[in-house]
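J.: Quick one: this structure, given as structure tokens, is what I'll be asking you about.
The values are calculated or read from the model by the stated rules, or taken from the named source; none is laboratory data. Remember, it's a predicted structure, so these values are computed and weren't measured experimentally. Backbone-built Cβ (ideal geometry, glycine too); neighbour counts: all protein chains shown. Calculation scope for accessible area: heavy atoms of the full protein, side chains included, ligands and nucleic acids excluded. Shrake-Rupley method; radii C 1.70, N 1.55, O 1.52, S 1.80 Å.
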Amino acid sequence: MTIENSENNGVLLSMNPAWRTNRYESAFTQKVDAIKAEGRYRVFAELGRRAGEFPYATDFSDDERRRITVWCSNDYLGMGQHPAVLEAMTDAVIRYGAGAGGTRNISGTSHPLVELENELAELHGKEQAHVFTSGFVANDATLSVISSALGGCIIYSDEFNHASMIAGIRNGRATKRIFRHNDTAHLEELIKADDPSKPKIIAFESVYSMDGDIAPISHICDIADRHGALTYLDEVHAVGLYGEHGGGISEREGIAHRIDVINGTLAKAFGVIGGYIATSAAIADFIRSAAPCFIFTTALPPSIAAGACASVRHLKSDNDVRRRHQERAATVKRRLKEVGLPVMPSESHIVPVLVGDPVMCKAATDMLFDEFGIYIQPINFPTVPRGTERLRITPTPFHTDDHIDYLTTALAEVWNRLDIPSQQKDLPNAASA
């Protein structure tokens, strides 16, 4: 938008409050209109999750208050409604009240939060853990402060890293190198080209949530060992879900001890809210002392910490729910492929179904919601590259065979009515999307 600033009327107009307001309102309206024109305008459904009836929710978009089935929740194991979690949160509210009272520096660290951090450190075999208000904040705060503290640091970042990691790397202002997704040869090529004396950090994820593929963690650790780099692993879509105790892919593969900093979330498999890092005592102490996002943000309420702690403790020993979760994901993939739907390659519990067009992607999810009572959010740019728009389906242990049959029938009907291509000769995978 061009802003008027001429001598004839710019000064006089700028003195008019209504004109100033309209000028800026118009600028933002034009930006939103452009997003709508591309077919990637986000609409958030008004839903009420039904405690004790997972994966059902109530649709509050009209007066009918109808029941719908959720197929895209990150509450992968339904722990947000687990009795042990609800009981712990209720007891903590009665005992400690609703809020934290302020930052840890002002109000101290609540006892439930200390217990939670101890559980998380033990889960990952690390000396200490720190809890933040979200996984995004944990990534942003940690990557920015540790990279800025290491003079001349170079960060090697997987090209598909989450926006929170990208923000942290940017805010740390270290030199950045982007390696091709899960391409260890390219990673090592980049590191070899740099000054061996420079401090280095390799930042990557274990499970990439839009494609469902898994990083070659052991190979990346080998490269880090050869070149003296710190390893920073985001396990947010893996903690609680993989490993004998829910420690993530790094625990499953027996290599958590080779990771210097593990980032996780309490808002997905653990079913509550918040993010955390687990690391050595020295790194943790520095983050606690230097990260503004940690120092100046009100701490999580005791009830949230208590609920998260109960969830972590429960999942440390509940391998049955993990096995059921993996079986349900595999069943959904198989059933959708049987009816010819373009299920993208996925090594994990994520089931991405390719649409390839933002307008058609939104139309498909609208039809599923309006006509079939199935809630799946469209995944469009910038979350995924243009041309790889998709539905991201996340089966849970509580989706029954009947749920899966109904989903399969509904998706096949939507694909047919909207004339979306079904079988794709060359489905994009995590390395090419």
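J.: If a residue has to be in contact (Cβ under 8 Å) with a residue 24 or more places away in the chain and either in contact with a strand residue (DSSP E or B) (Cβ under 9 Å, 6 or more places away or on another chain) or in a helix (DSSP H, G or I) (or both) to count, how many in the range 91-110 make the cut?
T.: Qualifying residue count for the region: 8.
J.: Find the helices (runs of 4 or more DSSP H) located wholly in the range 318-424 whose residues include 1 or more that are farther than 28 Å from R66 by Cα, and list them.
T.: Correct list: 319-338.
J.: Among the residues of the range 49-79, count how many are under 18 Å from G246 (Cβ atoms) and either open to solvent by less than 20 Å² (accessible area, probe 1.4 Å) or acidic (D, E) (or both).
T.: Total satisfying the criteria: 5.
J.: Looking at A281 and the list (1) touching a Leu at 6+ places or on another chain (Cβ under 8 Å); (2) under 26 Å from A149 (Cα atoms), which single condition is not satisfied?
T.: A281 satisfies all of (1) touching a Leu at 6+ places or on another chain (Cβ under 8 Å); (2) under 26 Å from A149 (Cα atoms) except (1).
J.: Return yes when H130 is farther than 30 Å from R328 by Cβ, open to solvent by less than 30 Å² (accessible area, probe 1.4 Å), without any contact (Cβ under 8 Å) to a residue 24 or more places away in the chain and touching a strand residue (DSSP E or B) at 6+ places or on another chain (Cβ under 9 Å) and no when it is not.
T.: When the stated conditions are applied, H130 does not pass them.
J.: For T69, all conditions in the list (1) within 23 Å of the chain's Cα centre (by Cα); (2) part of a loop (DSSP other than H, G, I, E, B) hold save one; what is the number of the exception?
T.: T69 satisfies every listed condition except (2).
J.: Which of the numbered conditions does S289 fail, given that it passes all the others? Conditions: (1) among the small types (G, A, S); (2) within 28 Å of A149 (Cα to Cα); (3) not in a helix (DSSP H, G or I).
T.: Exception for S289: condition (3).
J.: Modelled with pLDDT of 95 or more and over 21 Å from the mean Cα position of the chain (by Cα): does that describe S147?
T.: yes
J.: Please find, within the range 133-157, the residue that is surrounded by the fewest Cβ atoms within 10 Å (Cβ to Cβ) out of those that are part of a strand (DSSP E or B) and β-branched (V, I, T). It would help to see each step written out before you state the result.
T.: Going residue by residue through the range 133-157, those that are part of a strand (DSSP E or B) are 154-157.
Pick out the ones that are also β-branched (V, I, T) and you get 154-155.
Working: I154: 20, I155: 26.
Restricting to residues being part of a strand (DSSP E or B) and β-branched (V, I, T), the top hit is I154.
J.: Going through I220, I214 one at a time, which residue ends up being within 27 Å of G387 (Cα to Cα) and either in contact with a Ser or Thr (Cβ under 6 Å, 6 or more places away or on another chain) or surrounded by 21 or more Cβ atoms within 10 Å (Cβ to Cβ) (or both)?
T.: I214
J.: If you check R328 against the conditions, is it under 21 Å from the mean Cα position of the chain (by Cα) and among the basic types (K, R)?
T.: yes
J.: Among the residues of the range 61-72, which ones are more than 20 Å from P378 (Cβ to Cβ) and not acidic (D, E)?
T.: R65, R66, R67 - these are the residues of the range 61-72 that are more than 20 Å from P378 (Cβ to Cβ) and not acidic (D, E).
J.: Same structure again: Do we have any residue at all in the range 317-336 that's over 21 Å from S73 (Cα atoms) and of a type in the set (D, E, K, R)?
T.: no
J.: Given (1) open to solvent by less than 10 Å² (accessible area, probe 1.4 Å); (2) at negative phi, where does S197 come up short, assuming only one miss?
T.: Result: S197 passes all but (1).
J.: Please go through the range 320-338 and pick out each residue that is of a type in the set (K, R) and open to solvent by less than 40 Å² (accessible area, probe 1.4 Å). Give the steps one after another, and end with the answer.
T.: Kept after step one, since they are of a type in the set (K, R), are these residues of the range 320-338: 322-324, 328, 333-335, 337.
Result: R322, R328, K333.
J.: Can you spot a residue in the range 310-319 that is surrounded by fewer than 24 Cβ atoms within 10 Å (Cβ to Cβ), polar (S, T, N, Q) and out of contact with any Pro (no Cβ under 6 Å at 6 or more places or on another chain)? Full working, then the answer.
T.: Looking only at the range 310-319, we keep the residues that are surrounded by fewer than 24 Cβ atoms within 10 Å (Cβ to Cβ), and these are 313-314, 316-319.
Adding the requirement that they be polar (S, T, N, Q) leaves 317, 319.
Next, only the ones that are out of contact with any Pro (no Cβ under 6 Å at 6 or more places or on another chain) stay: 317, 319.
Yes, the conditions are met somewhere in the range 310-319.
J.: Name the one entry in F270, F286 that is crowded, with 24+ Cβ neighbours inside 10 Å and either closer than 23 Å to H162 by Cα or modelled with pLDDT of 95 or more (or both).
T.: F270
J.: What residue, among those in the range 264-290 that are touching an Asp or Glu at 6+ places or on another chain (Cβ under 8 Å) and of a type outside the set (G, A, S), is nearest to H124 (Cα to Cα)?
T.: Across the range 264-290, the extreme among qualifying residues is T279.
J.: Another question about this same structure. When you check I393 against the structure, is it touching a Phe, Trp or Tyr at 6+ places or on another chain (Cβ under 6 Å) and either at pLDDT below 95 or open to solvent by less than 30 Å² (accessible area, probe 1.4 Å) (or both), yes or no?
T.: yes
J.: Turning to a different aspect of this structure: Can you spot a residue in the range 313-322 that is touching a residue at least 24 places away in the same chain (Cβ under 8 Å), in contact with a helix residue (DSSP H, G or I) (Cβ under 9 Å, 6 or more places away or on another chain) and under 24 Å from L47 (Cα atoms)?
T.: no
J.: Looking at A269, A306, which one is aliphatic (A, V, I, L, M), within 19 Å of H349 (Cα to Cα) and either assigned to a helix (DSSP H, G or I) or in contact with a Phe, Trp or Tyr (Cβ under 7 Å, 6 or more places away or on another chain) (or both)?
T.: A269
J.: Another question about this same structure. Of everything in the range 339-360, what is open to solvent by 50 Å² or more (accessible area, probe 1.4 Å) and either free of Cβ contacts under 8 Å to residues at least 40 places away in the same chain or within 22 Å of the chain's Cα centre (by Cα) (or both)? Give them in sequence order. Step through it out loud before you land on a result.
T.: If we filter the range 339-360 for residues that are open to solvent by 50 Å² or more (accessible area, probe 1.4 Å), which is where we start, we get 339, 345, 347, 357, 359-360.
Result: P345, E347.
J.: Go through the residues of the range 173-193 one by one and say whether even a single one is aliphatic (A, V, I, L, M), open to solvent by 70 Å² or more (accessible area, probe 1.4 Å) and at pLDDT below 95.
T.: There is no residue in the range 173-193 that is aliphatic (A, V, I, L, M), open to solvent by 70 Å² or more (accessible area, probe 1.4 Å) and at pLDDT below 95.
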